[in-house]
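S.K.: Structure below; questions to follow.
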Amino acid sequence: MSKVTAAITAVGKYVPDYVLTNKELETLVDTNDEWIVARTGIKERRILKDKDKGTSFLAIKAAEDLITKKDLDPKQIDLVIVATATPDMQAASTAAYVATKIGAVNAFSFDLESACSSFLYGVSVASQYIETGRYKKVLLIGADKNSSMIDYADRATCIIFGDGGGAVLFEQNIEGNGFQDEYLRTDGSGRQFLQVPAGGSLMPATKETVKNRLHYAKQDGQTVFKNAVFNMADVCEKILDKNNLKNDDIAWLVAHQANKRIVEATARRMKLDASKVMLNIQNYGNTTSATIPLLFADYEKQLKKGDDLVIAAFGGGFSWGAIYFKWAYNS
Ligand code: UT7
C-alpha cells in the first residue's frame with residue numbers, strides 16, 4: 001500500500017472590508033507612506049471595525065469560503081483547529097464556537113497558539129492526525145483580529161498589523177503530495193522582545209495595567225527583525241539540506257508576512273528568484289496566524305500539483321520553523 005501523506009485539498013479566505021491605508025496612519029502617528037512602504041512593504045491593511053465581532057468571525061468567514069468553494073458537507077469534518085494569537089476570550093475555546101457555527105457538528109476542536117508561528121505549527125499538527133489515519137478531514141484555520149491588541153498611538157506596531165483569516169482542509173493523499181518534512185524551533189528567551197504584557201495569568205488586568213497601556217502589543221522591532229531574518233533563513237536552509245533540495249527544486253517560498261524585507265532576506269539566503277516568493281503583505285500587513293493561508297488563497301490559481309513548497313514563519317516566543325510541503329492539486 002502507498003504511504004499516506006497529509007495534503008491540502010482546499011483553501012478559503014476572509015478579510016474585513018475596512019481598508020486602513022498608510023495615509024490614514026499618518027493622521028494617527030508620526031509616520032509616512034514612503035517610510036512604511038520602504039521599511040515594511042505594506043501599503044494597506046484590513047481592520048474588523050465591528051465592536052461586537054472577534055477573531056471567530058474572521059475564522060468562520062474563511063471556513064465558510066472554503067466550504068462553499070469545495071462544496072464540502074461540514075458534518076464530514078473530524079477536527080477544527082483555530083490557530084490564533086487573539087482568541088475571542090480567555091478560557092473558552094474559539095475553535096469550539098467556530099466549529100459549531102460552521103456546522104461541523106461531528107468534529108472536536110481546539111485552539112493552537114504560538115504567536116506568528118501558530119499556523120505553521122498547525123500544519124505540523126493537522127498533518128499528523130491525517131498521516132496516522134486517525135482522522136480523514138481536518139480543517140486548519142488561521143485567524144487574528146490584531147486590531148484588538150494594537151495601540152494606534154504606537155508607531156512601532158500600528159503600521160504593521162492587520163486583521164484577517166484563512167482556512168485549509170487536510171485530507172489523505174496517496175500520490176506522495178502534501179506534508180514532507182519539518183524543522184521547528186522555539187527560544188523562550190526572546191519573549192521580552194515581542195509580547196502583550198498584561199491580561200494573561202502573569203499580569204492580570206488591573207486599573208494600572210489599563211492606564212499603562214499594557215494590554216497592547218509591544219515589540220523591540222530591531223531585535224525581532226534581526227532574529228527573524230537570521231532564524232527564518234537558517235531553518236529554510238536546513239530544511240533544503242535535510243531533503244537534498246536545491247533552490248531550483250523549490251516552486252514557492254510561502255513565508256509569514258511580517259515585513260517584506262524579512263521575506264526577501266530569506267529568499268536571498270535560499271538563492272530563490274523573486275518570482276518564486278509569495279507576497280501579499282502590501283495588501284494586508286501582518287495578519288499573524290492568517291498570513292500563510294491568505295497566501296495559499298491568493299496564489300491558489302498559480303499553484304500546480306506536485307509543486308515543492310517551503311512554508312516558513314517566525315514570531316513571538318520566539319517561535320519559528322520551516323516545513324517542506326508538496327502541493328496536491330490544480331485549480
Ligand atoms: O510577526 C513577527 C513579529 N514582528 C516582526 O517580525 C517585526 C520585525 N521588525 C520590523 O519589521 C521592523 O523593525 C520595524 C518595521 C518595526 C521597524 O523598522 P526598522 O527598519 O527596524 O526601523 P528602526 O526601528 O530601526 O527605526 C529606523 C528609523 C528611526 O529613526 P532614526 O533614529 O534613524 O532617525 C526611527 O525613529 O525610523 C524611525 N521610525 C519610523 N519612522 C516613521 C521607526 N518607526 C517609524 C515609523 N514611521 N512607523
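S.K.: Which one of Ala312, Ala290, Ala322 is under 25 Å from Lys43 (Cα atoms), at pLDDT 95 or above and touching an Asp or Glu at 6+ places or on another chain (Cβ under 9 Å)?
M.R.: Step by step, each of Ala312, Ala290, Ala322 is checked, and only Ala290 is under 25 Å from Lys43 (Cα atoms), at pLDDT 95 or above and touching an Asp or Glu at 6+ places or on another chain (Cβ under 9 Å).
S.K.: Considering only the range 198-213, I want to know if a residue exists there that is open to solvent by 30 Å² or more (accessible area, probe 1.4 Å), in contact with a Phe, Trp or Tyr (Cβ under 8 Å, 6 or more places away or on another chain) and either assigned by TED's automatic domain parsing to the domain that holds Gln282 or assigned to a strand (DSSP E or B) (or both).
M.R.: No, every residue in the range 198-213 fails to be open to solvent by 30 Å² or more (accessible area, probe 1.4 Å), in contact with a Phe, Trp or Tyr (Cβ under 8 Å, 6 or more places away or on another chain) and either assigned by TED's automatic domain parsing to the domain that holds Gln282 or assigned to a strand (DSSP E or B) (or both).
S.K.: Could you list all residues from the range 71-94 that are open to solvent by 80 Å² or more (accessible area, probe 1.4 Å) and more than 24 Å from Ser147 (Cα to Cα)?
M.R.: Asp71, Lys75, Gln76
S.K.: Here's something else I'd like to know. For Gln76, work out the one condition from (1) within 16 Å of the ligand (Cβ to nearest atom); (2) polar (S, T, N, Q); (3) over 17 Å from Ile292 (Cα atoms) it doesn't fulfil.
M.R.: Only one criterion in (1) within 16 Å of the ligand (Cβ to nearest atom); (2) polar (S, T, N, Q); (3) over 17 Å from Ile292 (Cα atoms) is unmet by Gln76, namely (1).
S.K.: Further question on the same structure: Between residues in the range 138-161 that are more than 30 Å from Gly178 (Cα to Cα) and small (Gly, Ala, Ser) and residues that are assigned to a loop (DSSP other than H, G, I, E, B) and within 15 Å of the ligand (Cβ to nearest atom), which pairs lie under 8 Å by C-beta distance while being six or more apart or on different chains?
M.R.: Ser147/Gly162; Ser148/Thr86; Ala153/Leu28; Ala153/Val29
S.K.: Give the number of residues within the range 1-34 that are surrounded by 13 or more Cβ atoms within 10 Å (Cβ to Cβ), in contact (Cβ under 8 Å) with a residue 40 or more places away in the chain and more than 13 Å from the ligand (Cβ to nearest atom).
M.R.: 14
For every residue, the table says whether it meets (1) more than 16 Å from the ligand (Cβ to nearest atom); (2) touching a residue at least 40 places away in the same chain (Cβ under 8 Å).
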{"position": "Gln192", "(1), (2)": "no, no"}
{"position": "Ser201", "(1), (2)": "yes, no"}
{"position": "Val210", "(1), (2)": "yes, no"}
{"position": "Asp220", "(1), (2)": "no, no"}
{"position": "Asn227", "(1), (2)": "no, yes"}
{"position": "Phe230", "(1), (2)": "no, no"}
{"position": "Ala233", "(1), (2)": "no, no"}
{"position": "Glu237", "(1), (2)": "yes, no"}
{"position": "Asp241", "(1), (2)": "yes, no"}
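S.K.: Moving to a separate point now. Being in contact (Cβ under 8 Å) with a residue 12 or more places away in the chain and either open to solvent by 40 Å² or more (accessible area, probe 1.4 Å) or within 18 Å of the chain's Cα centre (by Cα) (or both) is the filter here; which residues of the range 243-258 pass it?
M.R.: Asn243, Asn247, Asp249, Trp252, Leu253, Val254, Ala255, His256, Gln257, Ala258
S.K.: If you don't mind, there's one more thing I want to ask. Among the candidates Arg261, Arg268, which residue alone is closer than 18 Å to Leu194 by Cβ, among the basic types (Lys, Arg) and either at pLDDT below 95 or open to solvent by 20 Å² or more (accessible area, probe 1.4 Å) (or both)? Quick ask: steps written out before the conclusion?
M.R.: Values: Arg268 fails: closer than 18 Å to Leu194 by Cβ.
Answer to the check: Arg261.
S.K.: State whether the residues of the range 148-157 include one that is of a type in the set (Lys, Arg) and assigned to a helix (DSSP H, G or I). Quick ask: steps written out before the conclusion?
M.R.: As a first pass, look at the range 148-157 and keep what is of a type in the set (Lys, Arg): 155.
When the remaining residues are screened for being assigned to a helix (DSSP H, G or I), the result is none.
Within the range 148-157, not a single residue is of a type in the set (Lys, Arg) and assigned to a helix (DSSP H, G or I).
S.K.: While we're here: Failed condition for Ser56, given (1) closer than 23 Å to Ile159 by Cα; (2) in a helix (DSSP H, G or I), with all others met?
M.R.: (1)
The values are calculated or read from the model by the stated rules, or taken from the named source; none is laboratory data. The structure presented is a predicted model; accordingly, all values stated were derived computationally and were not measured. We place every Cβ from the backbone using ideal geometry, glycine too, and count neighbours over all the protein chains shown. When the accessible area is computed, the model is the full protein with side chains, heavy atoms only, and any ligands, DNA or RNA have been set aside. Shrake-Rupley method; radii C 1.70, N 1.55, O 1.52, S 1.80 Å.
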